[in-house]
1. Which value in nm describes the separation of the simple spin-label points at residue 186 and residue 239, placed 7 Å from the Cα toward the beta carbon?
2. Rounded, prolate or oblate, given the Cα gyration tensor of the range 96-221, with a/c below 1.5 counting as rounded?
3. From the helices alone, meaning DSSP H stretches of at least four residues, give me the mean residue ellipticity at 222 nm for the chain, per-run term -39500 (n - 2.57), in deg cm²/dmol to the nearest 500.
4. Which residue, 235, 184, 51, tops the fluctuation ranking in a GNM of the chain built on C-alpha contacts under 10 Å?
5. To the nearest 10 degrees, how steep is helix 13-38 against the longest Cα principal axis of the chain, on a 0 to 90 scale?
6. Can you pull the one-decimal nm distance between simple spin-label points at residue 28 and residue 145, each 7 Å off the Cα toward Cβ?
7. Residue separation times 0.36 nm, minus the C-alpha to C-alpha distance between residue 89 and residue 219: what's the value?
8. Could you work out the relative contact order of the chain? I mean the mean sequence separation of Cα pairs under 8 Å and 6+ apart, divided by the number of residues, in percent.
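Where a number appears in this text, it was derived from the coordinates with a stated rule and is not lab data. Everything numeric here is computed off the predicted structure, so don't read it as measured data. Here the Cβ positions follow ideal geometry from the backbone for every residue, glycine too, while neighbour counts run over all protein chains shown.
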Ligand SMILES: C[S@@+](CC[C@H](N)C(=O)[O-])C[C@H]1O[C@@H](n2cnc3c(N)ncnc32)[C@H](O)[C@@H]1O
């Protein structure tokens, strides 16, 4: 977060620097290759410079394709509008909300802004790796202050796999692109925690990537299997909504990682196992 900035900063600024640094390093290699070639060096060094330049440009392009969407203000705004629309369809806007892996609090603050009767708690581990990408606890607090919702947003350092909350504390649990970052042997434990901290009848909206290796991290073979595992935790209306179907195109490689929303509602009364 920069000095007196009055606009909220939502992180990932370092992404641009990374793409710029790879492109600049590639350009340096091109200049070196041309200069060394012209000065009559043996071909080995200029050739090495050309190879390095190609690798660096390719890495920069890959980075842009993979993560470019996070610094595209239009794409991220459309995503957050869609996120809030999904929330609106699930919940009456009143009570306590939990945002897991809140980062700089974008989802937490957006919900507090749009739902004046909500009190949102954002949790995150804010490790050093993520601080490098701009995600910090103080940054999340500052976001809430800038948006004028700091009286209804609280931020707590906590692990998604062991939430420090009692059973049934929240009306709504959300998460935006955080579950895939949590290092646990089986990520379904994260949904167990979501269901545990929800009050009966409370809803959840977990947005993340659910394709390929992201899905395998839940120890399932397919999305319907994951939805079923979540339903078996005492969840009704469990479903997966593909981001594309919800009108969000993140572009680049992101679309191949199957972004979407896994949503549902904790059963109001546990039926004792039979349906
Ligand atoms: C890709 S960022 C998403 C941040 C934010 N939700 C957003 O949409 O901008 C992933 C976040 O997950 C957090 N995270 C990673 N492991 C976590 C864990 N075990 N518990 C809670 N948060 C975690 C990281 O610190 C990081 O802020």
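1. About 2.8 nm, to one decimal.
2. Values: a/c = 1.93, a/b = 1.28, b/c = 1.51.
Taking the square roots of the gyration eigenvalues as a ≥ b ≥ c, the range 96-221 is oblate.
3. Details: 9 runs with 116 residues, N = 275.
Helix-only estimate at 222 nm: -13500 deg cm²/dmol.
4. 51
5. Here the helix axis deviates by roughly 20 degrees.
6. Taking the simple label geometry, residue 28 and residue 145 are separated by 3.7 nm.
7. Details: separation 130, 0.36 × 130 = 46.80 nm, distance 2.94 nm.
My answer for the length gained is 43.9 nm.
8. On the way: 470 pairs, mean separation 48.3, N = 275.
Taking the mean separation of contacting Cα pairs over the length of the chain, I get 18 percent.
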